[in-house]
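Here the structure comes first, spelled out in structure tokens, and everything after it is commentary.
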Amino acid sequence: MEKNKNLTPLSPDEWVEWTKLTRRIKFIDGKIPQEAFYAFCENFVSAVIDLVPYRIDNNEIEILLIYRKDRHYDGFHIPGSVIVPGKTSTDTLNSVIDVELGKNANVGKINFVGVIDAMKGEGSGLDKRGQDLKLLYVCEIKGEVLEGEWFTKNNLPKNIIPEQQKISIEIFYAINNL
């Protein structure tokens, strides 16, 4: 969604109204309407949990990427989720595991890799939806997962979400150094 360049800043009265409306926001099952979510992401930094599942197959590291097709992306991405009000980073990490890998996934030790600023907003050339502050984790998977495809460093798909392309390549180094 392209920002309207003709919009003027809010007036003092509009800021008062915005404040009142913002205080009424309630996430239902961790969600707000999609258009409201996108409007928020365009203007604020979102805290995100990203989890790179990996496995060792024939002595080679493979990472799991999930295919996504919506109005913003048509390509592969690292499993993850925005941390919503009322949820902790641990809650969100557990939710990513349950929803994206499956409640029955055999998840090994989870390792924190680091914090990444994903510049997605206007001016970065990648995405109009703002900026993420990512808490990046990896975990070894034994057995099956709910969805996704496994990739080695040498066969990563070209259609990885832009701000995750560099992460997808560099994560192999991090996994090797665990």
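Side notes on the structure shown:
- Taking each residue of segment 143-167 that is at positive phi and looking for partners that are part of a strand (DSSP E or B) and surrounded by fewer than 17 Cβ atoms within 10 Å (Cβ to Cβ) with beta-carbon atoms closer than 7 Å, six or more apart or interchain, yields Gly143/Asn106.
- In segment 1-34, of all residues being open to solvent by less than 100 Å² (accessible area, probe 1.4 Å) and farther than 26 Å from Val84 by Cβ, the one that is modelled with the lowest pLDDT corresponds to Asn4.
- Segment 57-93, residues that are in a helix (DSSP H, G or I) and more than 14 Å from the chain's Cα centre (by Cα): Thr90, Asp91
- Residues satisfying the stated conditions in segment 30-56, i.e. farther than 18 Å from Ile167 by Cα and part of a strand (DSSP E or B): Lys31, Val45, Ile56
- When segment 111-138 is filtered for residues that are open to solvent by less than 40 Å² (accessible area, probe 1.4 Å), under 21 Å from Asn159 (Cβ atoms) and at pLDDT 60 or above, the ones remaining, listed by number, are Ala118, Lys120, Arg129, Asp132, Lys134, Leu136.
- Criterion violated by Val48 - all others in (1) surrounded by 20 or more Cβ atoms within 10 Å (Cβ to Cβ); (2) within 18 Å of Pro157 (Cα to Cα); (3) at pLDDT below 95 satisfied: (2)
The values are calculated or read from the model by the stated rules, or taken from the named source; none is laboratory data. Treat the numbers as computed from the prediction; the structure is a model and nothing was measured. All Cβ positions, glycine included, derive from the backbone under ideal geometry; neighbour counts span all protein chains shown. With ligands, DNA and RNA removed, areas are computed over all heavy atoms of the protein, side chains included. Shrake-Rupley method; radii C 1.70, N 1.55, O 1.52, S 1.80 Å.
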